[in-house]
Amino acid sequence: MKQYIGIIGLICGLLAGTLLFQFLYHDDFNMASLTMAIPEQDTLQNEQDTLPEAEPDDEEEQAYLPGSVKSETEFLDYLGLPVNGYAIHEDVVKKNEVLSDILGNCNVPYSVIDELVNKNKKVFDPKNIKPQKTYFVLCNAAQKATFWVYEETPTNYIIFDLRGTPYAYSCEKDIITTLKLATGIIHNSLYVTLSNNNLNPALASELAKVFAYSVDFFKLQKGDKFKAIFEEHYVDGQSVGIGNIKAAYFEHRKEPFYAFIYNQDDYTGYFDEDGKSLKKAFLKSPLKFTRISSKYTQKRFHPILKRYKPHLGTDYAAPPGTPVMTIGDGTIVAAAYSRGNGNFVKVQHNGTYTTQYLHLSRFGRGIKRGVRVKQGQVIGYVGSTGLATGPHLCFRFWKNGKQVDPYREKPARAEPVRKKYLEQYRMYSDSVKQILDTLKYQIQTEDFAS
């Protein structure tokens, strides 16, 4: 596999030149990490070799111990807890088990548990305890719990100090951020391509956010392509999420789109190679990763009424409960129920545009008439209320009081890179664009089945 031939040489050349600007003005862009993320040519034997293999440590330790910690005692010491003279018990939360069950089994009085919960609600809500989550109990010689340690997330632990007046606090584990590269050609879906290329599928959602105003991710086609330079966060050697996408390229229907992150006057956004903002007045769609089941048309056979009539909306098939987002800033002018529309929300964006979201199972938190909403805010959830044969969202779009096809509208862009920064931006974006353009697409198993 030869997808990275010449990349390291290119980076080294750019490092001494125009990318120096990026170091000066964008401290979080770590070029050394980017170089480390590019495998040497002779190590790329197959797809699996494109990512480093995990260290062959004991699997149980890898589940909860930081990479430099090799025992429970060292781990608890890492969290700043006293371990000498204490017995350490490790377990996982069982199905239907609650905090009072766990601590009660450790000889903690229910009065102490009640006091602990009531005084530390801002730190930890016992309702958030989930099955199969790891926890530790430190017990004294009398086998009474003195500390309870709960793994709330891969990056955060909740610690209950049960000595004297009980209290709770949180402790975050070290997060290591690595700059990485990704390329792919879509054969089936973006998620499948990322998975097959040994990449974090969560990158799909981040790419969708970056290109939300340019690429319709409901209409991705076989042959669409992407390249990305992005951050990935690791805890204990395990990926826990995607950070910022530093730069990306997406080719949709043979049309190229570039995105470069840039900060100007404390505003960070994504811009194209000409310094134009990727953000527009409206998102391309109110949902993520579903499919369009029925488009805007003047004549459609209604599945319930059994007759032809105009369908002046766009239907998105999606599982029940899928979050529905407003495509732009605006004010809610209706959040109600009607026989045909079911639960619906109507948002007035300005004097020209209004949108409506029908057949919702329920409304988003705080959604009611008169409330201001921000672009991308969840206003409801997919359902099948009203005249609907199954779960879907009917999305309607008004321009000057008339329903129109949203896919034919071309809303204005947000503010571009300001003139005083434009020369600097072009130095930066041109440099990074050369890196993206030089990246070769990874060979995929689907390539041989085409």
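The values are calculated or read from the model by the stated rules, or taken from the named source; none is laboratory data. Predicted, not measured: the structure shown is a model, and the values here were computed from it. Please note: Cβ atoms are built from the backbone with ideal geometry, for glycine as well, and neighbour counts cover all protein chains shown.
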Margin query: Condition first: in contact with a Lys or Arg (Cβ under 7 Å, 6 or more places away or on another chain) and either surrounded by fewer than 19 Cβ atoms within 10 Å (Cβ to Cβ) or free of Cβ contacts under 8 Å to residues at least 40 places away in the same chain (or both). Can you find one or more residues in segment 376-386 that meet it?
Written below: yes
Checklist line | Options 173, 209; residue that is of a type in the set (Lys, Arg), closer than 26 Å to residue 325 by Cα and surrounded by fewer than 22 Cβ atoms within 10 Å (Cβ to Cβ) | finding: 209
Margin query: Among the residues in segment 355-364, are any surrounded by fewer than 18 Cβ atoms within 10 Å (Cβ to Cβ), basic (Lys, Arg) and either under 26 Å from the mean Cα position of the chain (by Cα) or assigned to a loop (DSSP other than H, G, I, E, B) (or both)?
Written below: yes
Notebook entry, point to check: Does residue 430 satisfy being loosely packed, with under 15 Cβ neighbours inside 10 Å and at pLDDT 95 or above?
Noted result: yes
Notebook entry, point to check: Identify, please: which residue in segment 114-127 is in a helix (DSSP H, G or I) and in contact (Cβ under 8 Å) with a residue 24 or more places away in the chain and is, among those, farthest from the chain's Cα centre (by Cα)?
Noted result: 115
Next item on the list: Taking the options 83, 192, 93, 149, name whichever one is surrounded by 14 or more Cβ atoms within 10 Å (Cβ to Cβ) and more than 30 Å from residue 243 (Cα to Cα).
Entry: 83
Next item on the list: Give the number of residues within segment 75-107 that are at pLDDT below 85, under 34 Å from the mean Cα position of the chain (by Cα) and within 13 Å of residue 136 (Cα to Cα).
Entry: 5
Notebook entry, point to check: Give me the pairs: first residue in segment 414-435 and charged (D, E, K, R), second residue in a loop (DSSP other than H, G, I, E, B) and surrounded by 14 or more Cβ atoms within 10 Å (Cβ to Cβ), beta-carbon distance under 8 Å, and six or more apart or on different chains, which are they?
Noted result: 426/275; 430/18; 430/273; 433/273
Item checked: strands (runs of 3 or more DSSP E) contained entirely in segment 139-244, each with at least 2 residues that are within 30 Å of residue 281 (Cα to Cα) and in contact (Cβ under 8 Å) with a residue 60 or more places away in the chain -> 176-185, 225-235
